[in-house]
Amino acid sequence: MNNWKFCLKNVLTEIRGIKVKENSMCGIFGCILKTGTAAPIIHQALKRLEYRGYDSVGEATIHEGKLFIKKDSGKIDEVHKLHNLDDMPGSIGIGHTRWATHGAPLKENAHPHVDCGGQIAIVHNGVIENFSQIKLELENKGHTFQSKTDTEVIAHLIEEAFKKNSSLRLADAVLEAVKRLEGSYAIAVISTNEPDKIVCARNESPLILGLAEEGLYCASDIPAILPITRRIINVDDGELVILTAEEFEIRKIADLSIVTREIKIIDWTPEMAVKQGYPHFMLKEIREQAACLRNTLRLQEHYLDLMSTFLDRSKEVFLVACGTSYHACLAASYMFSKLAYLATYPVIASEFVEQHGKSVNIDSTVLAVSQSGETADTIAAVNAARLRAATILGLTNVIGSTLTRISRVYICQQSGPEIGVAATKTFTSQLSVLAQLALRLAKKRGKISQDEMDYIEAKLKKIPEVVDLVINTQEEKVRLLARKYRDAKLFFFLGRGISTATAYEGRLKLMEIAYVPALAFPAGESKHGPISLIEKGVPAIFICPKDDTRKAILGNIMEMKARGATIITLVEEGDNEIKSFADDYIELPKGIPDVLSPIPYVIPLQLFAYYMAVEKGYDPDKPRNLAKSVTVQ
Ligand code: AGP
């Protein structure tokens, strides 16, 4: 490691840009210039990364051997107005826009984070799974922490490496630190010990380099760098980078072997770059669900355990939410019942007071689910329950939101900002969190065997791969289905058991972004009325995984088919019997437990709605009449 060689394979390749597969959580940026000041460049780059996270912001620069830091909670413009982010000396620096996952959006939790000596500064995007035990180990060695974040442990790990060997290069110390980390990270580190270098490292979270005459850059994403240079280098997982103002070097973390990588010329417009080359945020967010689900599997055990304890002790549990979040609650009611033998009552938030306002009491628990944490109907329902001394638990994507402030315990699902109005990645992440809660409750209550729990936990860990497989193998077929049925005037979405929730969600997606009228209800309900709507050619979409409901739903398919409906089924691959009755079908992988089936089975329905909207010439990101967060009742 001491004889760092700098290599730059100067092969220029014309491509249409880099597809970074990841979920937006925070934004990092670093720059090292031959001359001039870094701070204003960092500030502008952070502005271009603001869509990735915007509850806190900070910058660090080095000048004449001294570290300068400015950071605070709040949006970039607010923090700049307060602290003037451009007014920091030095031609080297790093910056960060935050989407909180560990620690509320407070000044002390904003990045950059530093070591005890204030000589090392770091910015990070990702989730460090094992930060609690590392933090305890470092505190026992005398390190004092300023924040509640997972990131700060990395700064102290680097400091610890220097304590053991003061002659280490910054890159060596960073290497030693990242080898301790479990989880996702893209980091940029500077130190007053080596003020002419930025050291970066990547695992799962995206990281790219920008090469220009005046200096070199690193960033989470292309938009930060595009106005500066179009010459980009992609950093892959398990790689460590050293940047100076003239050159860079990439090495593999595992064996320190040198990596040579071609320079790519990005020909995106800034608008395309913010969507990472996708035509719409909604498609980007559908495609990044696997990465989100990996981060959602890195929740802090302590909060899952605490929340499941509250649920275990409750006399009655209401699952309260709106829209897509309500559909997650509906699915969760099957999970809690099947795994933990806990009865829970999904309630649409705007109906909660009328339906349960008088009966909710001190023995009640309300688990409110809200991606934004600000939905007025949900907050109103929670406040009504609080007034009657009910216990409030929260599941949200936004730390610092109203829901986090009025909950006794809350969990952040760690999906990163969702820009598209239609909930997609936040829905599947909600389902994953709720499944993890149901599993912990099952363990507490001893209602299912250890083998069964291990089986489902193993399947949950594999869900990100399953989701990626569904997208990679079925997206094109779904796009063609949307084209085939683009003129249909009415759709039915039908499922049984937990797939009822999937049906409701598929219907909502189609209605809200393609404006197509659709019905959804438990398939067993068809004969109690709705089937009278069936005429020849009305498409009926059945969600039928191979679970206990399969036989019954086959009967429902037959009854619809007999009346002229066009049958579209989402089936487990190889289920030839159901496929034989379908006019069209989408196949999903085998072996998905019923309690987890809404996660992969909703993906084709999200894509169907998206491509139907595109077929009809609508903007899926900005559907008419809708807002991302409905803060009015
Ligand atoms: C879903 O696609 C919609 N955007 C909408 O139904 C949304 O789920 C609902 O408004 C609830 O929002 P929340 O999760 O932020 O509370």
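I122 - would you say it is under 26 Å from R294 (Cβ atoms), assigned to a strand (DSSP E or B) and hydrophobic (A, V, I, L, M, F, W, C)? Yes: the conditions hold for I122. Starting from the stretch 621-633, take each residue that is farther than 18 Å from V516 by Cα and at pLDDT 80 or above and list its partners that are within 11 Å of the ligand (Cβ to nearest atom) and aliphatic (A, V, I, L, M), counting only C-beta distances under 7 angstrom and pairs at least six apart or across chains. Sorted first by the residue in the stretch 621-633, then by its partner, the pairs are Q633/A376.
Condition check ((1) buried (at least 20 other Cβ atoms within 10 Å of the Cβ); (2) near the ligand (Cβ under 9 Å from one of its atoms); (3) without any contact (Cβ under 8 Å) to a residue 60 or more places away in the chain; (4) not aliphatic (A, V, I, L, M)) across all residues:
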| residue | (1), (2), (3), (4) |
| --- | --- |
| V366 | yes, no, yes, no |
| S370 | yes, yes, yes, yes |
| V382 | yes, no, no, no |
| A385 | yes, no, no, no |
| T391 | yes, no, no, yes |
| L395 | yes, no, yes, no |
| G400 | no, no, no, yes |
| A423 | yes, yes, no, no |
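Residues in the stretch 512-532 that are surrounded by 18 or more Cβ atoms within 10 Å (Cβ to Cβ), within 14 Å of the ligand (Cβ to nearest atom) and in contact (Cβ under 8 Å) with a residue 60 or more places away in the chain: E512, I513, A514.
The test for being within 14 Å of the ligand (Cβ to nearest atom) and assigned to a helix (DSSP H, G or I) holds for T428. Residues that are β-branched (V, I, T) and in contact with a strand residue (DSSP E or B) (Cβ under 9 Å, 6 or more places away or on another chain) within the stretch 413-462 comprise just one, V433.
Looking at this structure, is Y345 at pLDDT 95 or above, assigned to a helix (DSSP H, G or I) and closer than 18 Å to A438 by Cα? In short, no.
Somewhere in the stretch 290-305, is a residue part of a loop (DSSP other than H, G, I, E, B), among the hydrophobic types (A, V, I, L, M, F, W, C) and in contact with a Lys or Arg (Cβ under 9 Å, 6 or more places away or on another chain)? Checking the stretch 290-305: at least one residue is part of a loop (DSSP other than H, G, I, E, B), among the hydrophobic types (A, V, I, L, M, F, W, C) and in contact with a Lys or Arg (Cβ under 9 Å, 6 or more places away or on another chain).
Taking residues in the stretch 339-362 that are on the phi > 0 side of the Ramachandran plot and away from the ligand (no atom under 16 Å from the Cβ), and partners anywhere that are part of a loop (DSSP other than H, G, I, E, B) and at pLDDT below 95, the pairs with Cβ atoms closer than 6 Å and at least 6 places apart or on different chains are Y341/K447.
Within the stretch 244-267, being surrounded by fewer than 18 Cβ atoms within 10 Å (Cβ to Cβ) and of a type outside the set (A, V, I, L, M) holds for E246, E247, K252, D255, S257, T260, R261, E262, D267. The residue pairs whose first member lies in the stretch 156-172 and is charged (D, E, K, R), whose second member is surrounded by fewer than 17 Cβ atoms within 10 Å (Cβ to Cβ), and whose beta carbons are closer than 6 Å, counting only pairs six or more residues apart or on different chains, are D172/M1. Look at (1) surrounded by fewer than 23 Cβ atoms within 10 Å (Cβ to Cβ); (2) under 21 Å from the mean Cα position of the chain (by Cα); (3) within 14 Å of the ligand (Cβ to nearest atom); (4) not in a helix (DSSP H, G or I) and you find that T324 fails only one, number (4).
The stretch 1-117 holds strands (runs of 3 or more DSSP E) entirely within its bounds, and those carrying 3 or more residues that are under 22 Å from L226 (Cα atoms), in contact with a strand residue (DSSP E or B) (Cβ under 7 Å, 6 or more places away or on another chain) and at pLDDT below 95 map to 12-14.
When the stretch 489-511 is filtered for residues that are touching a residue at least 60 places away in the same chain (Cβ under 8 Å), among the hydrophobic types (A, V, I, L, M, F, W, C) and more than 16 Å from the ligand (Cβ to nearest atom), the ones remaining, listed by number, are F492, L494, I498.
The values are calculated or read from the model by the stated rules, or taken from the named source; none is laboratory data. This structure is a prediction, so every number in the text was calculated from the model and none was measured. Every residue, glycine as well, gets a Cβ built from its backbone with ideal geometry; the counts of neighbours run over all protein chains shown.
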